[in-house]
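Q: Attaching a single structure in structure tokens format; questions to follow.
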Amino acid sequence: ERAQLKSLRKLPAITRDGTSVTLNANLELPRELDGAIEVGASGVGLLRTEFLFMNREDLPDEDEQTEILTRIVTSMDGKPVTARTLDIGGEKIATALRGYFSEPTNPALGLRAIRLSLKEPKLLETQLAAMLRAGAHGNLRILLPMISSVAEVRRVREIMATVVRRLRRRGVKIAHPLPKLGIMIEIPGAALSADGLAPFCDFFAIGTNDLIQYTLAIDRGDEQVADLYDPLHPAVLRLVQFTTEAALRARIPVSICGEMAGDPRYTALLLGLGIRELSMAPNNLPLVKRRLRGLDLIEATRRARTIMDQTDRGRIAALLDDFNDAAA
Ligand code: PEP
Ligand code: MG
């Protein structure tokens with residue numbers, strides 16, 4: 001089994017009927033990069049930059065962030081690296097940023113991620129400057145977490161324009177052309193207004209971890225309600241479908257980078273819904289690749305249509321199991 005998965009490394013991520021799928025890696029720490037390269041990831045679909053702020057009392061400055069990002073971009077050797085701006089708050093905490101928050105009444109719904117970055121624009125300016133500089137050494141894309149409105153994306157674009165001007169005045173080398181700027185779709189309201197957000201974005205990355213949490217009102221980390229945390233809930237699937245179709249209509253790329261993307265039980269359904277790019281923990285990549293290589297996409301699309309007609313969660317799971325068992 002192990003050897004079989006390893007032998008997949010050099011094989012293309014392509015369905016039985018010849019459609020290629022981009023399989024990227026999620027990274028939480030730079031040292032996971034080796035694993036991503038080893039499993040043959042096409043790129044980094046999600047680089048969580050929280051590690052830069054963890055376990056320290058001070059904040060990383062522009063040069064330090066630039067250096068670390070540049071190392072990652074260079075190691076990926078021209079393959080895309082999708083760097084996400086700070087996603088602190090909610091379940092993710094960092095000591096150095098303690099002073100920025102007062103005790104939230106509800107951390108998951110409070111000052112976090114892009115909201116914090118826009119409230120403390122210095123944080124965002126520093127990160128954007130580092131990303132623009134690192135982008136000069138390879139292929140870097142910028143991703144914004146927890147976007148809920150067009151106004152937030154526009155504001156980030158304004159701040160980015162200012163940062164670009166400032167770097168140019170300093171004579172610092174930056175990415176040319178400028179990095180693509182995309183957003184996480186992980187708030188149900190963002191998913192439902194995906195068609196309105198698309199014109200302001202270069203790409204979407206669907207974050208199912210938070211999308212499930214907010215859609216079903218289930219804390220993603222609370223053991224007591226873990227059995228209700230359900231990727232196959234019809235509401236979750238409809239939001240994924242709606243977002244995917246909005247991206248296809250607007251002709252911008254859309255990927256999925258939540259845990260759901262790394263679970264081979266969901267691969268057929270996600271591809272059947274029109275997804276062609278998945279990002280996951282490197283360990284899961286061979287499993288997903290094996291599943292999609294055994295998949296007939298026309299059949300998967302047909303089955304996905306039947307599944308999306310269902311309103312009962314049990315029926316959805318049964319239909320998907322059927323399809324997966326037939327492949328096994
Ligand atoms: C998500 O929410 O699905 C996601 C990919 O981001 P994170 O797990 O870092 O919140
Ligand atoms: Mg998230």
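Since every read-out is calculated from the coordinates, none of them should be taken as a lab result. Only a predicted model underlies this, so the values are computations on that prediction, with no experimental measurement involved. Reconstructed Cβ throughout: ideal geometry from the backbone, glycine too, with neighbour counts over all protein chains shown.
Q: Using Cα pairs closer than 8 Å and at least 6 residues apart in sequence, work out the relative contact order for segment 91-176, in percent. Provide the component values of the computation, followed by the final result.
A: Values: 52 pairs, mean separation 28.0, N = 86.
Taking the mean separation of contacting Cα pairs over the length of segment 91-176, I get 33 percent.
Q: Here is a follow-up. Using a simple charge model, +1 on the beta-carbon of Lys and Arg, -1 on the beta-carbon of Asp and Glu, nothing else, what dipole does the chain show about its Cα centre, in debye to the nearest 20? Don't skip to the answer; put the middle values down first.
A: Numbers: 44 positive and 42 negative charges, 283 e Å.
So the magnitude is around 1360 debye.
Q: Can you compute 3J(HN,Hα) from phi for each residue in segment 294-311, using the Karplus curve 6.51 cos²θ - 1.76 cosθ + 1.60 with θ = phi - 60°, rounded to whole Hz and x for Gly and Pro?
A: After applying 6.51 cos²θ - 1.76 cosθ + 1.60, I find x, 9, 9, 5, 5, 5, 4, 5, 5, 5, 4, 4, 4, 4, 6, 7, 7, 10 Hz.
Q: For segment 205-328, what does the alpha-carbon gyration tensor say about shape, rounded, prolate or oblate, given a ≥ b ≥ c as the root eigenvalues, a/c under 1.5 as rounded, and a/b over b/c as prolate?
A: Details: a/c = 1.27, a/b = 1.19, b/c = 1.06.
Rounded shape, in that the Cα axes give a/c under 1.5.
Q: A further question follows. Is there a pair in Lys79/Lys122; Lys6/Lys289; Lys92/Lys289; Lys122/Lys180 whose C-alpha atoms are over 19 Å apart, and which pairs would that be? All intermediate terms of the calculation are to be shown ahead of the outcome.
A: Numbers: Lys79/Lys122 29 Å; Lys6/Lys289 11 Å; Lys92/Lys289 30 Å; Lys122/Lys180 21 Å.
Violating the 19 Å limit, Cα to Cα: Lys79/Lys122; Lys92/Lys289; Lys122/Lys180.
Q: Just tell me which lysines come within less than 19 Å, Cα to Cα, of Lys173; anything on the same chain fewer than 8 places away is out.
A: Partners found: none.
Q: Something else: Give the calculated FRET efficiency between Gln224 and Arg249 to the nearest 0.05, with a Förster radius of 41 Å applied to their Cβ-Cβ distance. Before the final figure, lay out each step's value.
A: On the way: r = 40 Å, r/R0 = 0.97.
Working from the Cβ atoms, E equals 0.55.
Q: For segment 2-18, what does the Karplus curve 6.51 cos²θ - 1.76 cosθ + 1.60, with θ = phi - 60°, yield as ³J(HN,Hα) per residue in whole Hz, taken in order and with x for Gly and Pro?
A: Each residue's phi maps through the Karplus curve to give 4, 5, 5, 5, 5, 5, 6, 3, 8, 7, x, 7, 9, 6, 4, 9, x Hz.
Q: Under a 5 Å amide H to amide H cut-off, with H placed in plane at 1.01 Å, what residues pair with Ala205 once short-range neighbours are removed?
A: Residues meeting the amide H criterion: Ile183, Met184, Ile185, Ser255.
Q: At 222 nm, what value in deg cm²/dmol follows for the chain if DSSP H runs of at least 4 each add -39500 (n - 2.57) and the sum is divided by all its residues, to the nearest 500?
A: Taken over the chain, the calculation gives -13500 deg cm²/dmol.
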